[in-house]
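**Q** I'd like to ask you about the structure that follows.
The values are calculated or read from the model by the stated rules, or taken from the named source; none is laboratory data. As the structure is a computational prediction, the values presented were derived from the model and not from experiment. Every residue, glycine as well, gets a Cβ built from its backbone with ideal geometry; the counts of neighbours run over all protein chains shown. To get the accessible areas, we keep the full protein, side chains included, count just its heavy atoms, and leave off ligands, DNA and RNA. Shrake-Rupley method; radii C 1.70, N 1.55, O 1.52, S 1.80 Å.
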Amino acid sequence: MASIRDLKKDFNFVLGDIIDAVYIWESGSNNKNSNEGSVIIDKAIMVFDDIMSKIHQKEVDDKKIHFKDIRAQLEQKATELVEELNKLAD
């Protein structure tokens, strides 16, 4: 099993890349500080906070299942955010 530190790095990279993509979209489409982009960024921050709190839970019955579930949540939430961003680019 990967370490918790690697899991945290994955979260930082994935959600950071999504936020960077929003900024790139804003600058490329001359929509600086757009409401749509701000909504996606706010959602990414909320996902980060929510999942980080789950990572730091101490009383977990089965850590392996717990962290596997967290990784699946990251994948699902990141996919949703990317889909929202792709709708903006269309």
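**Q** Output the relative contact order of the chain, whole-number percent, from Cα pairs under 8 angstrom with separation of 6+ residues.
**A** 37 percent
**Q** Across 10 Å bins from 0, what is the distribution of all Cα-Cα pair distances for the stretch 7-72, in whole percents?
**A** In whole percents, the pair-distance histogram is 20, 41, 24, 12, 4.
**Q** While we're here: Quick one: putting +1 on the C-beta of Lys and Arg, -1 on the C-beta of Asp and Glu, what dipole do you get for the chain around its Cα centre, in Debye to the nearest 20?
**A** 400 debye
**Q** Of the chain, which part is the longest with no trypsin sites (Lys or Arg not before Pro) in a loop (DSSP not H, G, I, E, B) and with at most 10 other C-beta atoms within 10 angstrom?
**A** Looking at the chain, 59-90 is the longest stretch - no exposed trypsin sites (Lys or Arg not before Pro) with at most 10 other Cβ atoms within 10 Å.
**Q** What list of ³J(HN,Hα) values in whole Hz, one per residue of the stretch 44-57 in order, does the Karplus curve 6.51 cos²θ - 1.76 cosθ + 1.60 (θ = phi - 60°) give from phi, with Gly and Pro shown as x?
**A** 3J(HN,Hα) across the stretch 44-57, in whole Hz: 4, 5, 5, 4, 4, 4, 5, 6, 4, 5, 6, 5, 8, 5.
**Q** Let me ask another. From the phi of every residue in the stretch 9-21, what ³J(HN,Hα) in whole Hz does the Karplus formula 6.51 cos²θ - 1.76 cosθ + 1.60 yield, where θ is phi - 60° and glycine or proline is x?
**A** Per-residue couplings from phi come out as 4, 4, 4, 4, 5, 5, 5, x, 5, 5, 5, 4, 5 Hz.
**Q** Follow-up question, since we're still on this one. Length gain on complete extension for the stretch Lys8 to Arg71, per 0.36 nm per residue less the alpha carbon to alpha carbon distance?
**A** Roughly 21.7 nm would be gained on extension.
**Q** Another question, then. To the nearest 10 degrees, how steep is helix 63-89 against the longest Cα principal axis of the chain, on a 0 to 90 scale?
**A** Between the helix axis and the principal axis of the chain, the angle is about 10 degrees.
**Q** Sticking with this one: As I understand it, the dipole of the chain uses +1 on the Cβ of Lys and Arg and -1 on the Cβ of Asp and Glu, about the Cα centre. Which of Trp25, Ala44, His66 lies farthest toward its positive end?
**A** His66
**Q** Ignoring ligands, DNA and RNA, what percent of the 1.4 Å accessible area of the chain is carbon and sulfur?
**A** About 51 percent, which is the carbon plus sulfur part of the accessible surface.
**Q** May I ask for the distance between the Cα centers of the stretch 53-90 and the stretch 14-49, given as a whole number of Å?
**A** 18 Å
**Q** Solvent-accessible area per residue for the stretch 1-59 at a 1.4 Å probe radius, Å²?
**A** So the stretch 1-59 comes to 68 Å² accessible per residue, rounded to a whole number.
**Q** Along the stretch 22-31, what does the Karplus equation 6.51 cos²θ - 1.76 cosθ + 1.60 (θ = phi - 60°) give for ³J(HN,Hα), rounded to whole Hz, x for Gly and Pro?
**A** 5, 4, 5, 4, 4, 6, x, 10, 6, 10
**Q** Rounded to the nearest 500, what is the 222 nm mean residue ellipticity of the chain from helices alone, with -39500 (n - 2.57) per DSSP H run of 4+ residues and division by all residues?
**A** About -28500 deg cm²/dmol.
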